[in-house]
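Encoded as structure tokens, the structure appears first; notes follow it.
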């Protein structure tokens with residue numbers, strides 16, 4: 001069986017509105033379950049691909065700060 005995880009994730013969220021997408025993200029982050037990481041990766045990939053350079057810079061700043069805080073624990 002050939003499973004394309006990216007396509008499966010996109011298919012599952014294809015009809016979601018902003019509130020549903022936010023709920024998906026919040027649930028995935030709050031649950032802390034490893035199985036949610038691929039889905040978050042696909043969502044981040046979509047965000048990154050559609051972001052302009054300024055948005056990417058802001059995301060990278062936020063990511064850098066998050067990594068520093070997470071590793072300081």
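A short reminder: the numbers here are calculations on the coordinates, not readings from a lab. Quick caveat: nothing in here was measured; it's all calculated off a predicted structure. Virtual Cβ from ideal backbone geometry, glycine too; neighbours counted across all protein chains shown.
The length gained on full extension between residue 4 and residue 23, counted as 0.36 nm times the residue separation minus their Cα-Cα distance, comes to 4.5 nm.
Quick one: grab the alpha carbon gyration tensor of segment 5-71, order the square roots of its eigenvalues as a ≥ b ≥ c, and give me rounded if a/c is under 1.5, else prolate or oblate depending on whether a/b is larger than b/c. Intermediate values should be presented prior to the final figure.
Values: a/c = 1.93, a/b = 1.29, b/c = 1.50.
Judged from the Cα gyration tensor, segment 5-71 comes out oblate (a/c at least 1.5, b/c at or above a/b).
Each label was represented as a point 7 Å from its Cα along the Cα-to-Cβ direction; for residue 56 and residue 12 these points are 2.8 nm apart.
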